[in-house]
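Working notes for the structure below.
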Amino acid sequence: MAFGDGVKLREAYRRAEEGGYAFMANNIAEPNVLIGLLEAYSEAGSDLLVQVSAGAAKFAGGGDKRAGLWMLAGMVHTLAERYPITVFLNLDHFTVGEMELIESSINERLVSSVMIDASGEAFDENARISRSVADLASGSGILIEAELGKIKGVEDEISADEAFYTDPKEAVEFVREARPDLLAISIGTQHGVSKGREIALRIDLAAEIREELRKANLDVPLVLHGSSGVLPEQIREVIRHGIRKLNKDTHYQYVYGRAACEFFVEHAAEIVPPTGVEDDVVNLFPGGGWSPNKKAFDPRVVGERIRQEIKGIALSLLEQAGSAGHAL
């Protein structure tokens, strides 16, 4: 198939609403996670939504957000051609400080959707900023996601010490004023690791927000950020109440780190010289008594392990969302 634009993404969300399922929105910062995701979603017959945050773009560009964003987007566009599914790209948690990048991404049709995060601002300013991005995207087909309420924790360059739940009545007013295509709400999730405790979700609040929006003829798909600590039964319940997009980043970061850690622990003796051997990295151990094993230290070897682990967890997560078998 190929990269999917905002028009196709809108259709994908429409089908998800009709079918009562959601999409995991999966953050990437380098190719191993992306390829693992592509393999999983192709096997499951689900279209794939990937996300690039401003922090990931900065990392991938060696400090240059624009270079990193265009590199990662180019990777998504190119690899999408090789797989039998539609691949969508969302800008995740971009702020007013990245407005130039947002505008360029829209003008060049680089992405399928943009999440503008002005949730740290007062209500009126949040609505104004979000509406300005919706206006930028007008006529492009690119979808705009905005956020009302704050989610506790840290997500790349965005942080909040406290959570603020989304008010259902304010949600109606916000969607009227800002005109987003999707609305991210705060119902008790948090960015990062939930420190081993179950997250107490206000699922009743999601249901109330959805109902208030429907009564006002503003029934937009709802988004849940910080979903990495949410339990499978909680995911199924929030989907039942209108959540159509669930963000996943920390989960993949952990799986990535764990796969790499376990691999290098297993192969430490083939990579690190034993006691008594001179640690001559510059000359790559010319003495002949010991030498590292290229099959253990070649980044492509651990990279393949990482891809397989990402594929495995992605298959489990997309089954929770219910998108398997629903490719466009």
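The values are calculated or read from the model by the stated rules, or taken from the named source; none is laboratory data. Treat the numbers as computed from the prediction; the structure is a model and nothing was measured. Virtual Cβ from ideal backbone geometry, glycine too; neighbours counted across all protein chains shown.
Observations, loosely collected:
- Single residue of S53, S42 found to be surrounded by fewer than 22 Cβ atoms within 10 Å (Cβ to Cβ), at pLDDT 95 or above and out of contact with any Gly (no Cβ under 9 Å at 6 or more places or on another chain): S42
- Test: E211 is more than 20 Å from L48 (Cβ to Cβ) and either crowded, with 22+ Cβ neighbours inside 10 Å or out of contact with any helix residue (DSSP H, G or I) (no Cβ under 8 Å at 6 or more places or on another chain) (or both): no
- Against the criterion of being aliphatic (A, V, I, L, M) and under 26 Å from Y41 (Cα atoms), V133 does not qualify.
- Between A67, A73, the distinction of being part of a helix (DSSP H, G or I) and surrounded by fewer than 16 Cβ atoms within 10 Å (Cβ to Cβ) belongs to A67 only.
- Residue satisfying all of: in the range 257-280; of a type in the set (V, I, T) and either modelled with pLDDT of 95 or more or surrounded by 13 or more Cβ atoms within 10 Å (Cβ to Cβ) (or both); farthest from V33 (Cα to Cα) among these: V277
- Restricting the range 1-39 to residues that are in a loop (DSSP other than H, G, I, E, B) and among the hydrophobic types (A, V, I, L, M, F, W, C) leaves a set whose member that is surrounded by the fewest Cβ atoms within 10 Å (Cβ to Cβ) is A2.
- Flag for E121 being over 23 Å from A327 (Cβ atoms) and assigned to a loop (DSSP other than H, G, I, E, B): yes
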